[in-house]
Amino acid sequence: MKVKIKRDEQAAITRLTSTSLRHGTDIKFLVEQLNKCNGDLFSFTKGLARVLKKYIPDGVKSTVSCQDCGSTNVIFEEGCSSCKDCGSSKYG
């Protein structure tokens with residue numbers, strides 16, 4: 001039963017993401033919201049965020065702060081979030 005619930009939840013997340021994109025929601029916003037979900041690097045939501053992050057153009061400013069130095073000077077580069085102040089980079 002737990003597997004079916006998980007598949008239902010994944011289907012719902014996928015449909016909501018698709019609907020959001022079709023109605024003009026910024027990919028950056030979706031990625032940042034999905035990354036707020038609990039889970040490890042291999043969870044469904046983190047995987048979906050990694051896939052979507054590839055479609056964010058390089059140099060777009062993130063709305064999250066750097067986890068290492070607290071700076072808000074964080075941009076997306078090559079599918080990663082990079083802090084321009086301390087050089088910290090996070091993929092995923």
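The values are calculated or read from the model by the stated rules, or taken from the named source; none is laboratory data. Computed from a predicted model, the values in this text were never measured in an experiment. Neighbour counts are summed over all protein chains in view; Cβ atoms, including those assigned to glycine, are modelled from backbone coordinates with ideal geometry. Please note that ligands, DNA and RNA were not included when accessible areas were found on the heavy atoms of the full protein model with its side chains. Shrake-Rupley method; radii C 1.70, N 1.55, O 1.52, S 1.80 Å.
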Looking only at segment 1-20, how many residues end up being touching a residue at least 12 places away in the same chain (Cβ under 8 Å) and either outside any helix (DSSP H, G or I) or of a type in the set (S, T, N, Q) (or both)? 3
If we keep only residues of segment 50-76 that are among the charged types (D, E, K, R) and closer than 14 Å to Val31 by Cα, then the residue farthest from the chain's Cα centre (by Cα) is Lys61
Identify all residues within segment 15-44 that are farther than 16 Å from Ser81 by Cβ, modelled with pLDDT of 90 or more and not hydrophobic (A, V, I, L, M, F, W, C); write none if there are none. Arg15, Thr17, Ser18, Thr19, Ser20, Arg22, His23, Gly24, Thr25, Ser43
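Residue by residue, here is whether (1) free of Cβ contacts under 8 Å to residues at least 12 places away in the same chain; (2) open to solvent by 50 Å² or more (accessible area, probe 1.4 Å); (3) of a type in the set (Ser, Thr, Tyr) holds:
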residue	(1), (2), (3)
Arg22	yes, yes, no
Ile27	no, no, no
Val31	no, no, no
Gly70	yes, no, no
Ile75	no, no, no
Ser81	no, no, yes
When restricted to Gly39, Gly79, Gly59, Gly70, the only residue in contact with a strand residue (DSSP E or B) (Cβ under 6 Å, 6 or more places away or on another chain) and at positive phi is Gly59
Please specify each residue of segment 40-66 satisfying the condition of being open to solvent by less than 50 Å² (accessible area, probe 1.4 Å), farther than 16 Å from Phe76 by Cα and in a loop (DSSP other than H, G, I, E, B). Ser43
